[in-house]
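Below you'll find the structure, written out as structure tokens, and then a few comments.
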Amino acid sequence: MATPISTVMSPARYVQGKDAITRVGEFVAPIGKRPLLVADDVVWGIVEDAVRTSFDAAGLPVERVGFGRFATPQAIDDLTAKIRETDSDVVVGLGGGSAIDAAKASGHLAAIRWVSVPTAASTDAPTSALAVVYSEEGEFIEYRFFPHNPDLVLIDTKLVANAPVQFLVAGIGDALATWVEARAAKRANADTMAGGLQTETGVALAELSWRLLHENALQAIASVEAKVVTPALEKVVEANTLLSGLGFESGGLAAAHAIHNGLTAAPQAHGLAHGQKVNVGTIAQLVLEGAPADEIEDFVVFTTKVGLPNTLTEIGLTVDDRDVLQAVAEAATVESETIHNMPFPVTAEAVVDALVAIEGISRSIRAAHGLPEPELYRAH
């Protein structure tokens with residue numbers, strides 16, 4: 001039996017700041033001379049001028065391929081074929097988490113380097129050495145793991161400030177899970193997504209992400225609503241993207257993301273952002289582990305103020321949808337899921353009970369604090 005090791009993974013370079021997109025060519029040029037850009041039409045319409053100007057200055061050609069909604073097996077295979085067709089030596093994912101994950105996965109298959117350029121701080125996917133693969137309908141299929149992280153992650157906080165505020169909110173939901181899951185994995189002495197035991201570094205970064213979000217999230221949301229870059233926004237972008245990315249990968253996932261993966265199979269929740277479903281997974285994890293009442297109360301109050309769902313109602317479900325909840329719970333507890341990084345055994349029945357419980361718990365806490373009642377989400 002191999003001796004256990006602790007490990008931490010990270011991108012080779014992380015770049016963040018206002019107007020950072022105007023320098024993307026400068027940072028890509030040392031990585032590759034024949035880049036393939038992956039971006040949907042909306043994202044490309046926003047960044048094209050800045051990217052072209054920057055690439056021209058760096059002596060790089062501009063070759064762009066479009067992207068759909070999800071990083072599906074077919075989308076990844078198509079991108080891999082395009083890389084080979086164009087003889088590209090670096091693939092650059094621009095936009096959201098799925099475009100970036102597809103770029104990583106195709107770059108790995110084509111044996112070239114890859115770069116993440118998120119245009120919103122909506123997930124912690126950009127920094128990681130893994131991709132989340134979905135079906136055409138957005139149902140979770142698998143994680144794909146790679147031997148290294150991106151060579152570059154570049155995020156422009158001016159683009160974040162001008163993106164829809166719900167993207168930042170979703171990123172906060174994704175990042176809030178990082179510390180809750182990492183501390184559970186620590187108690188279980190579980191392996192992380194980096195392929196070994198936790199380092200103290202990974203756990204500390206997860207906790208720092210949590211702290212920065214609680215201190216700055218509401219100000220950062222106000223900044224995006226005003227379309228301005230402030231120190232609070234810079235801190236939240238770093239928490240959502242870098243700290244949460246390093247924290248989840250080298251700190252460990254647990255129940256929150258497993259429950260998210262289960263929720264992708266619920267048609268009622270289709271159309272919700274990754275971080276919205278993760279947040280429901282986080283409150284469910286807190287209930288599963290019997291977290292102190294004041295901690296659950298603080299989490300419900302804070303996430304309600306941020307604008308994240310913490311009830312079944314807000315993800316299109318009710319406590320009476322037992323068949324759907326059972327299907328979600330069974331998907332969340334398959335043998336390969338990260339829920340088994342919890343420091344105690346978790347059954348599908350326990351997950352159903354936790355999901356049912358959060359409805360009444362969150363409603364009562366919200367009422368006690370004069371916060372709005374949950375509104376029923378209807379999938380488009």
Within the range 104-114, restricting to residues that are surrounded by fewer than 24 Cβ atoms within 10 Å (Cβ to Cβ) and in a helix (DSSP H, G or I), the one that is nearest to the chain's Cα centre (by Cα) is 108
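For the range 142-158, enumerate the residues that are part of a helix (DSSP H, G or I) and either closer than 30 Å to residue 111 by Cα or among the β-branched types (Val, Ile, Thr) (or both). Spell out how you get there, then give the answer.
Of the residues in the range 142-158, the ones part of a helix (DSSP H, G or I) are 157-158.
Passing the criteria: only 157.
Here is a yes/no grid of residues against (1) polar (S, T, N, Q); (2) surrounded by fewer than 24 Cβ atoms within 10 Å (Cβ to Cβ); (3) under 21 Å from residue 165 (Cβ atoms); (4) touching a residue at least 24 places away in the same chain (Cβ under 8 Å):
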position: 259; (1), (2), (3), (4): no, no, no, yes
position: 269; (1), (2), (3), (4): no, no, yes, yes
position: 273; (1), (2), (3), (4): no, yes, yes, yes
position: 279; (1), (2), (3), (4): yes, no, yes, yes
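Given the criterion touching a helix residue (DSSP H, G or I) at 6+ places or on another chain (Cβ under 6 Å), hydrophobic (A, V, I, L, M, F, W, C) and farther than 25 Å from residue 218 by Cα, identify the matching residue among 243, 288.
Values: 243 fails: farther than 25 Å from residue 218 by Cα.
One residue alone meets the criteria, 288.
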Answer yes or no as to whether residue 217 is of a type in the set (A, V, I, L, M), in contact (Cβ under 8 Å) with a residue 60 or more places away in the chain and not assigned by TED's automatic domain parsing to the domain that holds residue 150.
-> yes
Odd one out for residue 94 among (1) more than 12 Å from the chain's Cα centre (by Cα); (2) farther than 24 Å from residue 46 by Cα; (3) touching a residue at least 40 places away in the same chain (Cβ under 8 Å) = (2)
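Of all residues in the range 346-365, which are farther than 19 Å from residue 262 by Cα and surrounded by 19 or more Cβ atoms within 10 Å (Cβ to Cβ)? Reasoning before the result, please.
Step one: of the range 346-365, the residues farther than 19 Å from residue 262 by Cα are 360-365.
Those that are farther than 19 Å from residue 262 by Cα and surrounded by 19 or more Cβ atoms within 10 Å (Cβ to Cβ): 361, 362, 365.
Can we say residue 305 is among the charged types (D, E, K, R), at pLDDT 95 or above and crowded, with 24+ Cβ neighbours inside 10 Å? Even if it seems obvious, please write down each step before you answer.
On the way: among the charged types (D, E, K, R): yes; at pLDDT 95 or above: yes; crowded, with 24+ Cβ neighbours inside 10 Å: no.
In short, no.
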Conditions (1) β-branched (Val, Ile, Thr); (2) crowded, with 20+ Cβ neighbours inside 10 Å; (3) within 23 Å of the chain's Cα centre (by Cα); number of the one not met by residue 334 = (2)
Any idea which residue in the range 120-139 is modelled with the highest pLDDT, counting only those that are surrounded by fewer than 24 Cβ atoms within 10 Å (Cβ to Cβ) and part of a loop (DSSP other than H, G, I, E, B)?
-> 129
Of the listed residues (65, 90, 15, 38), the one being farther than 24 Å from residue 245 by Cβ and in contact with a Lys or Arg (Cβ under 8 Å, 6 or more places away or on another chain) is 65
Residue satisfying all of: in the range 197-223; more than 21 Å from residue 301 (Cβ to Cβ) and out of contact with any Ser or Thr (no Cβ under 9 Å at 6 or more places or on another chain); surrounded by the most Cβ atoms within 10 Å (Cβ to Cβ) among these = 208
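Residues to consider are 184, 222; find the one that is in contact (Cβ under 8 Å) with a residue 24 or more places away in the chain and in the same structural domain as residue 289 (by TED's automatic domain parsing). So that I can check it myself, show each step before the final result.
On the way: 222 fails: in contact (Cβ under 8 Å) with a residue 24 or more places away in the chain.
Step by step, each of 184, 222 is checked, and only 184 is in contact (Cβ under 8 Å) with a residue 24 or more places away in the chain and in the same structural domain as residue 289 (by TED's automatic domain parsing).
Can you tell me which residue among 178, 123, 127 is of a type in the set (Ser, Thr, Tyr), over 26 Å from residue 295 (Cα atoms) and either in the same structural domain as residue 343 (by TED's automatic domain parsing) or in contact (Cβ under 8 Å) with a residue 12 or more places away in the chain (or both)? Reasoning before the result, please.
Numbers: 178 fails: over 26 Å from residue 295 (Cα atoms); 123 fails: over 26 Å from residue 295 (Cα atoms).
Sole residue among the options that is of a type in the set (Ser, Thr, Tyr), over 26 Å from residue 295 (Cα atoms) and either in the same structural domain as residue 343 (by TED's automatic domain parsing) or in contact (Cβ under 8 Å) with a residue 12 or more places away in the chain (or both): 127.
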Tell me, which helices (runs of 4 or more DSSP H) lie completely within the range 267-373 with 1 or more residues that are farther than 30 Å from residue 191 by Cβ and of a type in the set (Val, Ile, Thr)?
-> 293-306, 322-332, 348-368
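The values are calculated or read from the model by the stated rules, or taken from the named source; none is laboratory data. On a predicted model such as this, the values are computed, not experimentally measured, just so you know. Every residue, glycine among them, receives a Cβ derived from its backbone with ideal geometry; neighbour counts consider all protein chains shown.
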